[in-house]
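Trainee: Please find one structure pasted underneath; my questions will follow.
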Amino acid sequence: MKKIRILSMLLAITLIYSCKEAPKKEVKKEELSYSIATETSTINWTAFKTTDKVPVKGQFTEFSIENSKKASTPLEALDGIKFKIPVSSLFTKDTIRDGKLKKFFFGVMKNTTFLSGTVHTTNQNTGTVDLNMNGITHTLPITFVLSENNVVINAEMNVDNWQAQEALISLNEACKDLHTGPDGVTKTWSEVKIEVSTNFIQN
């Protein structure tokens, strides 16, 4: 009888332990990484003419990243990126204007087959670009709006900071008729607004 009781207890203990759930293995979440998608990026700019400051819009249709990288956040993916923009990709929907800009503006500058630079992020909304143009590297302040899959960068540059006065005079003379307002004054502004929109690839 005693043996039967002991066997019954052992059987009960075995059943209790066998019914317990096996410990769950922790499933590690796959960490995402981000990189810049140059194929879906746009680089738009707005220049100004006449004393009324009439906008002239255009874009660069190509650019490349020299140090493409993957990062754990979009902000890290943006920080430190080095880019090159071929001036030949300038596009304003007006072939005559395109030709004048390439010849009389960029063509007057030094070493300006490409515009190049490095992006530095200060925080979630501001940063700088070390922009090289006319053989000169100058720091351009930027602001940006960052989301999971996209960043829109805005800046306002003054080409005088890149010693482009000669190029500006050359362009103003070449476009004299079109850059003369109702007041009879011919003017090409040194300020240029820039907007860059680029997407992130999630890997």
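Trainee: Conditions first: (1) touching a strand residue (DSSP E or B) at 6+ places or on another chain (Cβ under 6 Å); (2) farther than 28 Å from E39 by Cα; (3) not hydrophobic (A, V, I, L, M, F, W, C). E195 passes all but one, so which condition is the exception?
Mentor: (2)
Trainee: Please find, within segment 186-203, the residue that is farthest from the chain's Cα centre (by Cα) out of those that are over 21 Å from F63 (Cβ atoms) and outside any strand (DSSP E or B).
Mentor: The selected residue is K187.
Trainee: Look at A164 and say whether it is touching a helix residue (DSSP H, G or I) at 6+ places or on another chain (Cβ under 6 Å), small (G, A, S), modelled with pLDDT of 95 or more and more than 17 Å from K57 (Cα to Cα). Before you say what the answer is, go through the steps one by one.
Mentor: Details: touching a helix residue (DSSP H, G or I) at 6+ places or on another chain (Cβ under 6 Å): no; small (G, A, S): yes; modelled with pLDDT of 95 or more: yes; more than 17 Å from K57 (Cα to Cα): yes.
For A164, the condition - touching a helix residue (DSSP H, G or I) at 6+ places or on another chain (Cβ under 6 Å), small (G, A, S), modelled with pLDDT of 95 or more and more than 17 Å from K57 (Cα to Cα) - is not met.
Trainee: If we keep just the residues of segment 41-100 that are part of a strand (DSSP E or B) and among the charged types (D, E, K, R), which is surrounded by the fewest Cβ atoms within 10 Å (Cβ to Cβ)?
Mentor: Taking segment 41-100 as the starting set, the residues that turn out to be part of a strand (DSSP E or B) are 41-49, 54-60, 64-65, 71, 82-86, 90-91.
From what is left, the residues that are among the charged types (D, E, K, R) are 49, 57, 82, 84.
Details: K49: 20, K57: 11, K82: 14, K84: 15.
Going through the qualifying residues, I end up with K57.
Trainee: Sticking with this structure for a sec: Within segment 106-115, does at least one residue satisfy the condition of being on the phi < 0 side of the Ramachandran plot, buried (at least 19 other Cβ atoms within 10 Å of the Cβ) and of a type in the set (S, T, N, Q)?
Mentor: Of segment 106-115, the ones on the phi < 0 side of the Ramachandran plot are 106-110, 112-115.
From what is left, the residues that are buried (at least 19 other Cβ atoms within 10 Å of the Cβ) are 106, 109, 112, 115.
Next, from what is left, pick out any that are of a type in the set (S, T, N, Q): 112.
For segment 106-115, residues on the phi < 0 side of the Ramachandran plot, buried (at least 19 other Cβ atoms within 10 Å of the Cβ) and of a type in the set (S, T, N, Q): present.
Trainee: Given the criterion of a type in the set (V, I, T), loosely packed, with under 13 Cβ neighbours inside 10 Å, in contact with a strand residue (DSSP E or B) (Cβ under 8 Å, 6 or more places away or on another chain) and within 25 Å of T40 (Cβ to Cβ), identify the matching residue among T118, T126.
Mentor: Numbers: T118 fails: loosely packed, with under 13 Cβ neighbours inside 10 Å.
Residue meeting the stated conditions: T126.
Trainee: Same structure again: Would you call T198 of a type in the set (S, T, N, Q), closer than 25 Å to K103 by Cβ and either at pLDDT below 95 or crowded, with 16+ Cβ neighbours inside 10 Å (or both)? Break it down stepwise before answering.
Mentor: Values: of a type in the set (S, T, N, Q): yes; closer than 25 Å to K103 by Cβ: no; either at pLDDT below 95 or crowded, with 16+ Cβ neighbours inside 10 Å (or both): yes.
No: the conditions fail for T198.
Trainee: Hey, another quick one. Does segment 135-159 hold any residues that are outside any strand (DSSP E or B) and surrounded by 19 or more Cβ atoms within 10 Å (Cβ to Cβ), and which are they? Let's see the steps before the verdict.
Mentor: Step one: filter segment 135-159 for residues outside any strand (DSSP E or B), giving 135, 147-149, 159.
Scanning segment 135-159 gives a single hit, V159.
Trainee: Of (1) loosely packed, with under 14 Cβ neighbours inside 10 Å; (2) closer than 30 Å to E39 by Cβ, G184 satisfies all except one. Which?
Mentor: (2)
Trainee: Another question about this same structure. For segment 160-181: of the residues being surrounded by 16 or more Cβ atoms within 10 Å (Cβ to Cβ) and polar (S, T, N, Q), which is farthest from S41 (Cα to Cα)?
Mentor: Here the residue is T180.
The values are calculated or read from the model by the stated rules, or taken from the named source; none is laboratory data. Since the structure is predicted, the reported quantities are computational estimates derived from the model, not experimental observations. All Cβ positions, even for glycine, are placed from backbone atoms using ideal geometry, and neighbour counts span all protein chains on display.
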